[in-house]
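First up is the structure itself, then whatever we jot down about it.
The values are calculated or read from the model by the stated rules, or taken from the named source; none is laboratory data. Worth saying up front: this structure is predicted, and the values here are computed from it rather than measured. Cβ placement follows ideal geometry from the backbone for every residue including glycine, while neighbour counts extend to all protein chains displayed. Side chains are part of the model used for accessible areas, which takes the heavy atoms of the whole protein and leaves out ligands, DNA and RNA. Shrake-Rupley method; radii C 1.70, N 1.55, O 1.52, S 1.80 Å.
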Amino acid sequence: MMVFANPKYLYLLLVLLPMIGWYIWKASKAQASIRISSANAFLRLPASYKVYLRHLPFLLRLLAVTLIILVLARPQSTDSWSNTSTEGIDIVMALDISSSMLAEDLKPNRLEAAKDVAGSFVSGRPHDNIGLVLFAAESFTQVPLTTDHTVLLNLLHNVSCGVIEDGTAIGLGLANAVSRIKDSKAKSKVIILLTDGSNNRGEIAPATAAEIAKTFGVRVYTIGVGTQGMAPYPIQTAMGIRYQNIPVDIDENTLTQIATITGGKYFRATDNRKLKDIYEEIDKMEKTKLSVTEYSKRQEEYKNFALLAFALLLLELLLRQTVLRNIP
């Protein structure tokens, strides 16, 4: 599909009309005349090809001028535009990156399992605005709300433990996620908070953060990740990596309270399969119809028109100075 960035320049095509009129008037005045008694002697003479081509230079000029005007109008190629109804929503994922997320009750560990499932979740929702907030003892925004899922997935892939002070500030992580989504214009705003522990750091209580989320119409789904009982945890020693069983301490009451206050739901993921099922369930629950205008990037196409115009002008000049040259 061809469109023009400056369509008003197409009005210059009207210049072709006076050019044609002037050429016809000039041609009528340029015919040489000679008086002879009879033209019968010339009737059977073969007509030269130059007679048939005498108007070709002018036609080439008209085409060149037309192409130059098209260049000024900036032709661009693009795919067809279409308005479609699709499913979209604004989502912020709040992910716990405390050291306990390295426990290997999920494979290869809790953090990598959470990243893998979250990545599949993002890939399955191409029209959503999705952001990523990380928290341990502190919290920061890794990716603000965006539809550029390539960047989001790359940064999610590089998430690791140990980049901030250790601990579990669930309330702070939730509050940070709320601050990132509260100004969204979407009708449905969702936070998916995943943790494997209990709130033990931060100045904001989880219930307080939940009330703030409720005030801004944000629904929070909470996920407690970890097996029942004990979980193997890798410890670096002088002899290499050794494993120690540590108790799984998930504050399910707090996570349930957060979900209840905001109208969400609490889930418990005890293994990789369960974690994947949870994200699939959230994916099914959170669907909102949106009207989306789809289009592709425009590409400038003026270069071909400019080159062709130059070639036509050069050809006209060569013809006028050689085989179609007029002798006054």
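Can you spot the aspartates and glutamates whose alpha carbon is less than 14 Å from Lys189's alpha carbon? Ignore those fewer than 8 places along the same chain.
Glu87, Asp90, Asp128, Asp283, Glu286
In whole percent, and with a 1.4 Å probe on the protein chains, what portion of the accessible area of the chain is carbon and sulfur?
Numbers: 10990 of 19170 Å².
Whole-percent figure for carbon plus sulfur exposure: 57.
What FRET efficiency would be calculated for the residue pair Val15, Ser120, taking the C-beta separation as r and a Förster radius of 51 Å, to the nearest 0.05? Don't jump to the answer; show the numbers that get you there.
On the way: r = 59 Å, r/R0 = 1.16.
For Val15 and Ser120, the calculated efficiency is 0.30.
In a Gaussian network model over the chain where Cα atoms closer than 10 Å are linked, find which of Lys265, Lys284, Lys107 has the largest mean-square fluctuation.
Among Lys265, Lys284, Lys107, the largest GNM mean-square fluctuation belongs to Lys284.
Explain nothing, just compute: Karplus ³J(HN,Hα) = 6.51 cos²θ - 1.76 cosθ + 1.60, θ = phi - 60°, for every residue of the stretch 308-314 in order, whole Hz, x for Gly and Pro.
My calculation for the stretch 308-314 gives 5, 4, 4, 5, 5, 5, 5 Hz in order.
Considering only the other residues whose Cβ falls under 12 Å of the Cβ of Met230, what net charge follows from Lys and Arg at +1 and Asp and Glu at -1? Working shown, then result.
Numbers: positive: none; negative: Glu104, Asp105, Asp249.
Overall, the nearby charge balance is -3.
Straight distance only, please: which aspartates and glutamates reach the Cα of Lys107 with their own Cα at less than 15 Å, same-chain residues fewer than 8 apart left out?
Asp116, Asp196, Asp271
With +1 on each Lys and Arg Cβ and -1 on each Asp and Glu Cβ, and nothing else charged, work out how big the dipole of the chain is about its Cα centre, in Debye to the nearest 20.
On the way: 35 positive and 30 negative charges, 692 e Å.
Taking the Cα centre of the chain as origin, the dipole is about 3320 debye.
Number of Lys pairs in the stretch 196-328 with C-alpha atoms less than 23 angstrom apart, excluding same-chain neighbours closer than eight positions?
For the stretch 196-328, qualifying lysine pairs total 13.
Whole number in Å², please: accessible area per residue of the stretch 122-232, 1.4 Å probe, ligands, DNA and RNA not counted.
Details: 4630 Å² over 111 residues.
Counting only protein heavy atoms, the per-residue value for the stretch 122-232 is 42 Å².
I want the antiparallel fraction of DSSP beta bridges within the chain, as a percent rounded to 5. The partial results should precede the final answer.
Details: 24 of 48 bridges.
Beta bridges within the chain, antiparallel portion: roughly 50 percent.
Once you have the Cα-Cα distance between Leu56 and Phe310, take 0.36 nm times their residue separation minus that, and quote the gain in nm to one decimal.
On the way: separation 254, 0.36 × 254 = 91.44 nm, distance 1.60 nm.
Full extension of this stretch gives 89.8 nm more.
Provide the net charge surrounding Asn272, with neighbours chosen by a C-beta distance below 9 Å and charges set as Lys +1, Arg +1, Asp -1, Glu -1. Present the calculation step by step, with values, prior to reporting the outcome.
Numbers: positive: Lys107, Arg273, Lys274, Lys276; negative: Asp116, Asp271.
Here the count lands on +2.
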